[in-house]
Amino acid sequence: MENKKHTVYIGVGSNIGDRLASIRSARDELKYNKNIALLRVSDIYETQPYGYKDQGLFLNCVFELETDFLPAELLLTLLKIEKTLKRTRLIHWGPRTIDLDILFYDDLIMRTDSLIIPHKELHKRLFVLAPLNDLIPDFIHPVLKISCREMENECRNEDSLSVEFYLKGNF
């Protein structure tokens with residue numbers, strides 16, 4: 001029996017050390033996992049910090065994956081990668097070498113103590129929506145019932161944080 005493949009979008013961010021190298025390392029960890037196929041990478045954007053402001057600028061992008069992992073298995077894999085890349089959690093929304101968040105997993109709606117899909121804050125975060133729109137502007141958020149393009153437009157009207165193009169996604 002063949003395992004079902006799921007399309008997943010991962011938000012990626014880094015603002016400590018060599019930010020681009022951290023994103024590349026996370027990409028490579030995913031690329032070489034036998035249960036994951038890395039399909040596409042959005043452009044990379046340099047963004048101001050969200051929440052906790054006393055920290056450096058972030059690089060953000062989105063990875064499009066195909067996986068046979070269930071959501072909880074994928075989350076454990078992402079947490080292992082964060083640990084490998086020396087992610088620490090000292091300050092909520094604080095500085096980090098790498099941050100990997102499941103944004104969408106097919107059109108699944110899921111809420112557990114450890115995982116909420118779609119990501120509960122993605123519609124408020126321009127640093128997620130800009131790269132997500134590089135990949136899936138017409139995808140409809142399964143809870144909000146609006147497209148990624150519409151979410152980005154709404155967020156641009158309300159968000160004062162800057163999101164600047166940094167590097168093409170084929171890095």
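Tabulated results
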{"item": "Additional length obtainable on full extension of the chain from Ile146 to Thr7, 0.36 nm per residue less Cα span", "result": "48.2 nm"}
{"item": "Mean-position separation - Cα centroids, the stretch 56-82 and the stretch 21-51, in angstrom", "result": "8 Å"}
{"item": "Sorted by Cβ density within 10 Å, fewest first, the residues Cys148, Cys155, Cys61", "result": "Cys155, Cys148, Cys61"}
{"item": "Contour minus Cα-Cα distance for Tyr32 and Leu57 (0.36 nm per residue)", "result": "6.2 nm"}
{"item": "Residue order, fewest to most surrounding Cβ atoms within 10 angstrom, among Tyr166, Tyr45", "result": "Tyr166, Tyr45"}
{"item": "In nm, spacing of pseudo-spin labels at Asn170 and Thr84 (7 Å Cα→C-beta vector)", "result": "2.6 nm"}
{"item": "5 angstrom amide H check on Asp43, placed H, neighbours 5+ away", "result": "Gly169"}
{"item": "Entries in Lys53/Lys86; Lys4/Lys53; Lys83/Lys145; Lys34/Lys145; Lys5/Lys53; Lys5/Lys145 that, when Cα-Cα distance is taken, lie over 31 Å", "result": "Lys4/Lys53; Lys83/Lys145; Lys34/Lys145; Lys5/Lys53"}
{"item": "Distribution of pairwise C-alpha distances over the chain, 10 Å bins, in %", "result": "10, 41, 39, 9, 1, 0"}
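Since every read-out is calculated from the coordinates, none of them should be taken as a lab result. Remember, it's a predicted structure, so these values are computed and weren't measured experimentally. Note that each Cβ is placed from the backbone with ideal geometry, even for glycine, and that neighbours are counted across all protein chains shown.
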